[in-house]
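Notes follow once the structure below has been shown.
The values are calculated or read from the model by the stated rules, or taken from the named source; none is laboratory data. None of these values were measured; they are calculated from a predicted model. Positions of Cβ are generated from backbone atoms using ideal geometry, with glycine treated the same way; all protein chains shown enter the neighbour counts.
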Amino acid sequence: MPRPNLSAADCLGLVGEEIRTILARRSPSASEPLRSCQNLTGDLGFSSADLLELAAALEKRLALSSSRSLPLSSFKTVDDICHACLASLRESEGLPDAALAASVRRGQARRLQQ
């Protein structure tokens with residue numbers, strides 16, 4: 001069942017759990033705290049397969065339908081994923097997805113700066 005009242009802090013915790021699960025397979029002793037500004041590929045070493053696994057795990061935990069897939073390819077940081085999760089939950093409840101659009105714009109702006 002979707003959790004539309006998920007707070008940003010709860011979302012960061014949920015995203016963090018899934019990220020740590022993926023990282024633990026690579027290095028079981030790694031236990032550094034996650035920061036919302038960390039880059040998934042640059043700082044955490046995520047591959048495209050890791051991103052797909054993360055998206056699938058989050059979609060399952062948030063009970064998002066396949067039509068509400070998280071567009072993880074557009075997001076670079078832990079914070080971007082949290083915004084996308086929260087926006088997808090709001091959208092699943094029929095609420096506006098302004099936060100998702102803002103996240104996409106931030107991601108595009110970062111790519112242009114590179």
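Need pairs with beta-carbon distance below 6 Å; first residue closer than 17 Å to R90 by Cβ and within segment 63-76, second outside any helix (DSSP H, G or I) and modelled with pLDDT under 75; sequence gap 6+ or separate chains.
Listed pairs, sorted by first residue: A63/M1; A63/P2.
Can you tell me which residue in segment 103-114 is nearest to A9 (Cα to Cα), limited to those that are modelled with pLDDT under 75 and surrounded by fewer than 21 Cβ atoms within 10 Å (Cβ to Cβ)? Please lay out each step first, then the result.
Of all residues in segment 103-114, those modelled with pLDDT under 75 come to 103-104, 114.
Right, trim to surrounded by fewer than 21 Cβ atoms within 10 Å (Cβ to Cβ) and you get 104, 114.
Details: V104: 20, Q114: 29 Å.
The qualifying residue nearest to A9 (Cα to Cα) is V104.
With respect to D10, is the statement that it is closer than 15 Å to H83 by Cβ, surrounded by 11 or more Cβ atoms within 10 Å (Cβ to Cβ) and acidic (D, E) true? Walk me through it before giving the result.
Values: closer than 15 Å to H83 by Cβ: yes; surrounded by 11 or more Cβ atoms within 10 Å (Cβ to Cβ): yes; acidic (D, E): yes.
Taking the combined requirement at face value, the residue satisfies it.
Looking at (1) over 27 Å from E91 (Cα atoms); (2) surrounded by fewer than 13 Cβ atoms within 10 Å (Cβ to Cβ), which is the one condition that is false for L23?
Condition not satisfied by L23: (2).
Can you say whether S48 is modelled with pLDDT of 85 or more and not aliphatic (A, V, I, L, M), as far as the supplied structure shows? Outline the logic, then answer.
On the way: modelled with pLDDT of 85 or more: yes; not aliphatic (A, V, I, L, M): yes.
Answer is yes for this residue.
Among the residues that make up segment 69-83, is at least one of them at pLDDT below 85, in a helix (DSSP H, G or I), farther than 20 Å from Q108 by Cβ and of a type in the set (A, V, I, L, M)?
no
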